[in-house]
């Protein structure tokens, strides 16, 4: 028995890429303005918005109010233990923390990483390396967010042989053999734009009597069926003048256990 799973997050639930959300917002916690001027200039030149905080109190207020995408932290602060601040920020599960500190001996680095820093650099770091490390941490955070979103996406299951489609809530519809074959063809090439001629070829091995126009009617009928299954019709998108695209991630479902 061939059973597939379809996983899909509606467009409005997908995290927007950084370039659509706007410039990444950084918070640099550092009491010494002059010490970070080269790195600050490099980051701003490459499109980052960088806010300054000279103390732990100011940093925590900025994090709570403005939710930066990444925190750069000097551990030597005038009003608090910077490592404890690092731990609090890490445990809050928000922005990644990059420690850039004058204390950069091996034991200092180990301590910073143990207290929750995502990366640790000495203040002598070249501005270009700082830029690269910031970008790498932001990419990692974005991948983690995408994976978390995917984990929350609803899942439909499709028994390609019997034609049953079941929804995340357990609602089920049974497709006709013709509709099941069309859904299987779309799901065989997820994310690809399939024009009418391609779909006809996949389904019939050549042109059918009505030509590619019959595909439009068949897709419309399939969507009406899938709409009864918690809105599974949204898995099929129409591209004007282009054809159809199946927008869900497709995977094999494990076989059901015998009772």
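Arrange the following residues from fewest to most other Cβ atoms within 10 Å of their Cβ: 61, 30, 142, 105.
Fewest-to-most Cβ neighbours within 10 Å comes out as 105, 61, 142, 30.
What is the fewest-to-most order of 75, 198, 238 by other Cβ atoms lying within 10 Å of their Cβ? If you can, show how the numbers build up before the last one.
Numbers: 75 24, 198 17, 238 13.
Listed from fewest to most nearby Cβ atoms, that is 238, 198, 75.
Just to verify a number: FRET efficiency for residue 92 and residue 125, C-beta to C-beta distance, R0 = 22 Å, to 0.05?
With a Förster radius of 22 Å, E is 0.30.
Only the coordinates and a few stated rules stand behind these numbers; no lab work does. Small disclaimer: the values here were computed from a predicted structure and weren't measured. All Cβ positions, even for glycine, are placed from backbone atoms using ideal geometry, and neighbour counts span all protein chains on display.
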